1. Return the distance in nm (one decimal) between the two label points of a simple spin-label model at A:Lys54 and B:Leu208, each offset 7 Å from Cα along Cα→Cβ.
2. I need the calculated FRET efficiency for the pair A:Val35 and A:Thr78, taking r as the beta carbon distance and R₀ as 22 Å, to the nearest 0.05.
3. Quick check: Cα centre of segment B:356-381 to Cα centre of segment B:25-44, how many Å?
4. Other chains near B:470-480: what is the mean number of their Cβ atoms within 10 Å of each residue's Cβ?
5. Mind checking which lysines have their C-alpha under 18 Å from A:Lys99, skipping anything on the same chain fewer than 8 residues away?
6. Assuming a viscosity of 1.002 mPa s and a temperature of 20 °C, what translational diffusion coefficient in µm² per second does Stokes-Einstein assign to chain B, Rh being the Kirkwood radius over Cα pairs?
7. Run lengths n ≥ 4 of DSSP H only: what is the helix-derived mean residue ellipticity at 222 nm for chain B, with -39500 (n - 2.57) per run over all residues, to the nearest 500?
8. Can you give me the Cα centroid spacing of segment B:431-450 and segment B:61-116 in angstrom?
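We did not get these values from a lab; they are worked out from the coordinates using the rules stated. Owing to the predicted nature of the structure, the values given are computational and were not obtained by experimental measurement. Positions of Cβ are generated from backbone atoms using ideal geometry, with glycine treated the same way; all protein chains shown enter the neighbour counts.
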Amino acid sequence: MGFFPYFVAAWLFVIGLWGVISSRNLVRTVLCLVVVQASTYLVLLGIGYRAGAKAPIVADIPTTSRLVDPVVQVLVLTDIVIEATVAALLLALVVQAHKRFGSVNPDDLRPLRD
Amino acid sequence: MTHISALPVLVPFLAGPLLVAVGQFAPRWFNDSLAAAAAIASAGLCALLAVHAAGHPFPYWMGGWTPRYGTTIGISLSIDLLGAGLATFSALLVCAALLYALRYFDAIEGLFHALMLLFMAGMVGFCLTGDLFNLVVFFELMSAAAYALTAYKVEERGPLQGAINFAITNSVGGYAMFIGVGLLYARTGALNMAQIGAALDGHHADWLVIVAMVLLFGGFLTKAAAVPLHFWLADAHAVAPIPVCVLFSGVMVELGVYAVARLYWQLFAGSLAAHEVGVRAVFVGLGVATALLGGVMCFLQRHVKRLLAFSTISHVGMFICGVALLTGKGIAGVGTYVVGHGLTKAALFMCAGVLLHRFATIDEYDLRGRGREVPLVGVMMAVGGLLLAALPPFTTFMGKSLLEESSSAVGYNWLIAVYIFGSAITGGAVLRVVGRVFFAWGPAQGPRPAKARMAREETSEQRAPRTQTPPMMLIVPGALLVGALGLGLLPGAVPGIDRFAAQFVQHRAYAAWVLHGAHIHPPILPASHISADDYGYSILSTLGALGAAGLGLFGRRLRRALPRAIAVPGASVADVLHGLHSGHIGDYITWWTAGVSLVGGVCLIVLR
């Protein structure tokens, strides 16, 4: 695997940020944010990966088996929970914004223009 | 004693969901009392931990998973006086905000209280944790609660936009932090901060460690609103309910600076020891940019909540400078200043809340002269303005003096000018508001009249007629101001912070007490005395604030008399600055990317 997952992660991070920057639709903005977050999963899982190793479920395999690192998998699970919370909250805000502004284009959201 | 360590987090964390479950069926007094009881209990527990940590700092290992031979297995809370003190301060501000909210909203459900308690659990855990990943998780917990609280008035347009900008910017910062944590775990195989620090020691910081540091600092400085990652802050503050603004400005933003200090000293201080000069230069630069831009933007506002928000940015810039000096005294100065500033700013937001509650607008020109109905608020705002300007000999002055001493000690004398400018212009902006609102001084028509609309309430938070201000809304800010005046004058308070800050910056001692259970006592220091120069600087900043306020109120003719060669570029710079704060999330993330890339690039060049 080598550096491959990290290249993909860097690509996802950058392309996701570009998506957030260039979106004309807030739903797309939130989805691009999820793409940025996907890069963190890849980084974490890539760090724990070991070639030829088994999933870290130690109940029914010999204790000498090679396992992938379970710690990063736990981190990713936490990360996914956070992502779900933030994405759900943001999408709810976007729905509400659509009701109030009649638009989900960030160009049309003007009340806070300084 | 140490077994209560997790309770200050657990109590609000359990009480919050309980309120969601029963809040809509229970009478209001029940919700209020349950929330207040949980908040007060948590504050008391934090204070107990702080007292215990004053003897010697101690780790608490969840589930009894203590380290074996200096290797961590479990997850720790690593409690030292600065962390526990900051947790106590956050918890007390939550109590004050809840008390203030008793009469601030007419229609209120259990949800508001529940979110406040979750927010509190996040902040307290953030201060106490000794685990890098938990630090990030507590960051996300408090952030998620904060996004929802910003959009609490979900039927209005401003809060929606403010919360969306806040949530997206801070989430991007959070993801950068996740990658930073991953990279450090890959290098060291550890998540405990002491263990990571010990593993990094003795090795030169290579590109991987520097990239991890920049990503982590980038995330926390997004929360701390360092320029150019600061755009979300003014938007969120302008629209969030007042009790929420109190917590945002009073302590949440400062927690970002705390995390940067904690990470530098506990993780990177060993491996970057040879590069202190470089680290100092980069982050002092960032702090100065933040202090200056925040100050100028503060003075350009007519929306009082936005004005206070930019004033927070300016002060955070000074805090970043103080931490970036990389000295114990700098940390002591920031600690003192954070308490003084937090109490003052909380009180000022509460005063703004009284005006908003009564007159349904928070525009400086709309309010001209109307403040005479509530003279006490005028007195409190004037005191607050003077405290922001670091009037001697109160708490903010003590903090600023320590910062000045520590700047001179490392050869950054010129920073004193930045501190004076930041204090004077932010204090001056508040005093200008006092003059206009409570004395009807200055012209009635302001620049950018379209901005007044943004400052008016769309729907009222309060349904009853507003001819009266509930006493609680005056008592709470009054009490906070008394604290801001008095705390720094308590004998032993500032020397105490000095000693514990000196302990905070002992990189190796931290590993000793966390990993090996050593009893480390804070060093005995000669009491730092405040020199006549410091009084001079602060008198200068106070006079500067009065001058700036006078200029803002009566200076229109003077400004007209300026030669065109100065006036025209000045006005266009102001226009450009206003234009940058466009409220557009795409612009904000562009600035975020540019800022983090720039700092990262500079660090990779300077620190290798």
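1. Those two pseudo-labels are separated by 2.8 nm.
2. So, using R0 = 22 Å, E works out to roughly 0.70.
3. Computed from Cα coordinates, the inter-centre distance equals 31 Å.
4. On the way: counts 0, 0, 0, 0, 0, 0, 0, 0, 0, 0, 0.
Whole-number average of other-chain Cβ neighbours for B:470-480 is 0.
5. Of all the lysines, those that pass the test against A:Lys99 - Cα under 18 Å, at least 8 places apart if same chain - are B:Lys153.
6. After rounding, the answer is 89 µm²/s.
7. After summing the helix terms and dividing by residue count, I get -23500 deg cm²/dmol.
8. 40 Å
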